[in-house]
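Engineer: The structure under discussion is supplied below as structure tokens; questions concerning it will follow.
The values are calculated or read from the model by the stated rules, or taken from the named source; none is laboratory data. The structure displayed is predicted, hence computed values, not measured ones. Here Cβ is always computed from backbone atoms with ideal geometry, including for glycine, and neighbour counts include all displayed protein chains. Ligands, DNA and RNA are stripped out before the accessible areas are found, and what is left, the full protein with its side chains, is counted by its heavy atoms. Shrake-Rupley method; radii C 1.70, N 1.55, O 1.52, S 1.80 Å.
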Amino acid sequence: MKRLFALLCLVFLGAARDPILVPEVSQHKVEVRQGFTGTELLLFGAILDPQGTRAGRDYDIVVVLKGPTQSITVREKQKHAGIWINAASAQFRSAPSFYAVASSRPLNQIVDARTSAIYELGLPFIQLSPIGTIDPDRQVRFAAGLAGVMSEGSLYQEDPHGVTVSEQVLYQARIALPSSVQTGSYTAETFAISKGRVVASAVARVEVQKQGFERFVADFARHQAFLYGLVAVALSIAMGWIAGRLFAYV
Amino acid sequence: MDVYLPIANLAVNGLVIVALGALTGLLSGVFGVGGGFLTTPLLIFYGIPPTVAAASAASQVTGASVSGVFAHSRRGGVDYQMGGVLVLGGVIGTGIGALLFRLLSALGQIDTVISVLYVVLLGSIGSFMARDAVREIRAHARGLTLAASKRRHHPLVASLPLRWRFYRSGLYISPLAPLLLGVVTGIATMLMGIGGGFMLVPAMLYILGMSAGVVVGTSLFQIMFVTMATTMMHALTTRAVDMVLAVLLLLGSVTGAQVGARLALSVRPERLRLALAAIVLVVAFRMALGLTYRPDAVYTVTAL
């Protein structure tokens with residue numbers, strides 16, 4: 001209904017040249033269960049012109065999948081007196097726990113730095129909201145450090161040729177979620193870009209949730225810490241004891 | 001075989017973890033050390049978050065020591081009185097360790113402190129054990145037996161007030177000595193995710209001068225209780241005990257411990273000590289390299 005309304009508005013306002021994006025995700029709910037080793041999301045959709053026919057023009061498509069943000073401390077090791085110790089740190093209030101960007105061409109060929117910064121397109125342009133004052137050079141250094149660490153675990157990804165557009169109307173991108181993703185609400189944003197200008201954008205949501213036994217254990221550990229500890233201790237004693245018994249007769 | 005760890009939030013190969021448990025369990029059975037000094041660094045190396053590794057390794061060490069304690073108590077190899085004093089000290093040490101852990105984490109220096117502790121403790125104890133074991137092996141080769149002088153406890157221990165009789169250990173010493181020893185290992189358990197056995201065993205032999213027959217059993221007895229306290233402490237404070245990870249480690253380690261306990265009977269003790277010294281020194285060396293070489297990860301990220 002909303003989409004229809006937006007469509008009608010666009011038609012009547014005469015913004016007839018700007019296309020409409022109809023995004024979709026292969027899975028709106030990712031269930032983290034036993035044996036979860038990560039999954040691959042297919043983000044796809046259509047680029048239409050306001051009349052509902054295919055756009056018939058070449059747009060650059062950028063897809064950004066972002067996980068829940070968290071407050072973090074990034075620490076930097078430096079060599080002091082012959083050993084590497086944590087010597088400097090920076091704190092950020094809103095670092096995404098997951099960030100993947102895929103585009104039809106390398107981002108720097110599609111948009112300039114200013115547009116990238118506005119729409120958070122690309123690893124160097126993620127809004128981290130530093131806590132306290134931090135000089136720009138230092139922030140860039142720590143942001144790059146953060147991106148390095150997260151990329152190592154595939155939690156931050158940049159794929160400059162990850163989006164394919166077929167027949168000027170259908171686009172699709174595959175983004176791999178590693179098993180270490182955090183649970184929570186993920187947003188998949190799609191941008192249509194023409195001549196360095198974002199002409200349309202649309203959002204789809206993905207929920208990542210622990211289910212079944214995994215959820216039970218995580219809740220148990222969080223809400224009944226004392227009992228959980230006792231169970232863990234009892235379990236280790238029982239297993240040790242049983243093994244002792246079994247081997248006593250071997 | 002992929003297994004998802006609900007607290008560590010990632011998937012691991014279950015068989016690798018079981019094998020890791022078996023390796024450390026074997027050590028625990030043979031040497032009477034918990035094996036935590038190997039489990040924790042290896043888990044971290046495998047990609048498990050450090051806190052989860054330390055917390056879950058503690059419960060693994062509990063399991064491995066339970067079966068060890070049973071095996072040794074059947075042979076009368078546990079001094080419960082001495083063990084009780086050590087446990088009391090250990091629990092006090094765990095509390096102190098938890099406070100230190102929080103303080104150091106806030107300063108961002110916990111990793112460095114842990115690595116330095118590993119290098120200093122493992123390095124010194126390892127070389128001490130190696131020297132001693134080599135000397136014994138040489139003496140043995142010449143057909144001599146070393147004088148029983150090493151049964152004497154350290155002169156400092158004798159100067160402490162208050163004296164108890166520890167019959168099974170063959171000692172008449174102040175209980176303050178094992179209590180302090182317990183406190184030190186308790187702190188190490190909480191900070192380093194280790195059982196402290198590699199410190200306890202030599203200290204029992206060379207500082208307290210306990211009779212060798214009860215050293216391994218009694219050290220396992222202390223480790224069992226102190227790691228239980230550590231698991232509880234982690235469950236309540238860091239919430240980082242991953243039960244699935246712990247069970248996988250336990251599967252390997254409880255069987256490893258049993259095999260190890262049998263193996264220990266068939267090998268000469270000084271050879272065992274030389275082997276343990278070698279393993280301890282290798283770990284210390286690896287840690288020292290980690291401190292001095294440029295690390296792979298100059299940056300680290302922790303949630304606030």
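Engineer: Of chain A, which part is the longest with no trypsin sites (Lys or Arg not before Pro) in a loop (DSSP not H, G, I, E, B) and with at most 16 other C-beta atoms within 10 angstrom?
Structural biologist: The longest such stretch corresponds to A:58-194.
Engineer: Something else: Using the scaling law 2.2 N^0.38 Å as the reference, what is the normalised Cα Rg of chain A?
Structural biologist: 1.31
Engineer: Here's another thing I want to ask about it. Mind pulling up the Rg/Rh value for chain B? Radius of gyration and Kirkwood radius, both on Cα.
Structural biologist: Ratio value, two decimals: 0.97.
Engineer: While we're here: Which one of A:Ile47, A:Ile72, A:Gln34 is farthest out on the positive end of the charge dipole of segment A:26-81, using unit charges on Cβ (Lys, Arg +1; Asp, Glu -1) and the Cα centre as origin?
Structural biologist: A:Ile72
Engineer: Also, I was wondering about something else. So if R0 is 35 Å, what FRET efficiency would A:Gln209 and A:Asp18 give, r being the distance between their Cβ atoms, rounded to the nearest 0.05?
Structural biologist: Once the sixth-power term is evaluated, E becomes 0.50.
Engineer: By average Cβ neighbour count within 10 Å, what is the ranking of B:64-72, B:202-210 from highest down?
Structural biologist: B:64-72, B:202-210
Engineer: OK, next. Can you list residues whose amide H is under 5 Å from A:Val199's amide H, if they're 5+ apart or on another chain and H is modeled 1.01 Å from N?
Structural biologist: Close amide H contacts, sequence-distant or interchain: A:Ala192, A:Ile193, A:Ser194.
Engineer: Now a separate question. Before anything else, pin down the relative contact order of segment A:44-109: Cα pairs under 8 Å, at least 6 apart, normalised by residue count, whole percent.
Structural biologist: That works out to 35 percent.
Engineer: Apply the a/c threshold of 1.5 to the C-alpha gyration tensor of segment A:107-183 and tell me whether it is rounded, prolate or oblate.
Structural biologist: Note, shape of segment A:107-183 comes out oblate.
Engineer: Could you work out the helix-only [θ] at 222 nm for chain A, with each DSSP H run of four or more residues adding -39,500 (n - 2.57) and the total divided by the number of residues, to the nearest 500 deg cm²/dmol?
Structural biologist: After summing the helix terms and dividing by the residues of chain A, the value is -9500 deg cm²/dmol.
Engineer: Next question. Rounding to the nearest 10 and keeping the result within 0 to 90°, find how far the Cα-based axis of helix B:50-74 lies from the longest principal axis of chain B.
Structural biologist: Roughly 30 degrees, rounded to the nearest 10.
Engineer: What does the charge dipole of segment B:1-136 about its Cα centre add up to, to the nearest 20 debye, if the Cβ of each Lys and Arg holds +1 and the Cβ of each Asp and Glu holds -1?
Structural biologist: 180
Engineer: Still on this model: Measuring from label point to label point, each 7 Å out along Cα→Cβ, what is the A:Gln139 to A:Ile83 span in nm?
Structural biologist: Those two pseudo-labels are separated by 3.5 nm.
Engineer: Less than 19 Å from a label point 7 Å out along the Cα-to-Cβ axis of B:Ile96: which backbone N atoms in segment B:63-86 qualify, by residue?
Structural biologist: From segment B:63-86, the list is B:83-86.
Engineer: Using heavy-atom solvent-accessible surface (probe 1.4 Å) with all chains present, what is the largest-first order of B:Met233, B:Met243?
Structural biologist: These residues rank, largest area first, as B:Met233, B:Met243.
Engineer: Still on this structure, please answer the following. Could you work out the pair-distance distribution P(r) of segment B:182-269 from its alpha-carbon pairs, with 10 angstrom bin width and percents rounded to whole numbers?
Structural biologist: 15, 41, 33, 11, 0
Engineer: At B:Phe285 and B:Val267, where each label point lies 7 Å from the Cα along Cα→Cβ, what is the point-to-point distance in nanometres?
Structural biologist: Here the answer is 1.8 nm between the modelled labels.
Engineer: Could you work out, residue by residue across A:220-233, how many beta carbons of other chains sit within 10 Å of that residue's beta carbon, and then give the average as an integer?
Structural biologist: For this peptide, the per-residue mean of nearby foreign Cβ atoms is 6.
Engineer: With N set to the residue count of segment A:108-250, report its C-alpha Rg divided by 2.2 N^0.38 Å to two decimal places.
Structural biologist: 1.63
Engineer: What are the trypsin sites (Lys or Arg not before Pro) within segment B:44-130 that DSSP puts in a loop, where the Cβ has at most 16 other Cβ atoms within 10 Å?
Structural biologist: Listed in order of number, the matching sites are B:Arg75.
Engineer: While we're on this one: For chain A, what are the DSSP H helices with axial Cα length of 18 Å or more and mean Kyte-Doolittle hydropathy of at least 0.0?
Structural biologist: Span-like helices here: A:225-248.
Engineer: Run the numbers for B:Tyr46 and B:Tyr80: contour at 0.36 nm per residue of separation, minus the present Cα-Cα distance, in nm.
Structural biologist: Working it through step by step, the gained length comes to 8.5 nm.
Engineer: Calculated from DSSP H runs of 4 or more alone, at -39500 (n - 2.57) each and per residue, what is the 222 nm mean residue ellipticity of chain B, nearest 500?
Structural biologist: It lands at -24000 deg cm²/dmol.
Engineer: Mind jotting down the distance between the C-alpha centroids of segment A:127-164 and segment B:176-198, whole Å?
Structural biologist: 41
Engineer: Summarise the partner chain shielding of A:137-145 as one whole number: the mean count of Cβ atoms from other chains within 10 Å of each residue's Cβ.
Structural biologist: If you average over the peptide's residues, the count of other-chain Cβ atoms is 1.
Engineer: Might you report the magnitude of the Cβ-based charge dipole of chain A about its Cα centre, with Lys and Arg at +1 and Asp and Glu at -1, to the nearest 20 debye?
Structural biologist: Here chain A has a charge dipole of around 420 debye.
Engineer: Within 10 Å of each Cβ of A:74-87, how many other protein chain Cβ atoms are there on average?
Structural biologist: Counting Cβ atoms of other protein chains within 10 Å of each residue's Cβ and averaging gives 5.
Engineer: Towards the positive end of the charge dipole of segment A:173-250, with charges on Cβ (+1 Lys, Arg; -1 Asp, Glu), say which of A:Thr183, A:Ala232, A:Ala200 has the farthest Cα.
Structural biologist: So the residue furthest toward the plus end is A:Ala200.
Engineer: Let me ask something else. Roughly what angle does helix B:110-141 make with the longest principal axis of chain B, taking Cα atoms, 0 to 90 degrees, to the nearest 10?
Structural biologist: Approximately 30 degrees, to the nearest 10.
Engineer: Hey, got the Cα dimensions of the protein assembly as shown along the principal axes, in Å, largest first?
Structural biologist: On the principal axes, the protein assembly as shown reaches 101, 52, 41 Å in Cα extent.
Engineer: Let me ask something else. Report the relative contact order of chain B, percent, no decimals, based on alpha-carbon pairs under 8 angstrom and at least 6 residues apart.
Structural biologist: Relative contact order for chain B comes out at 40 percent.
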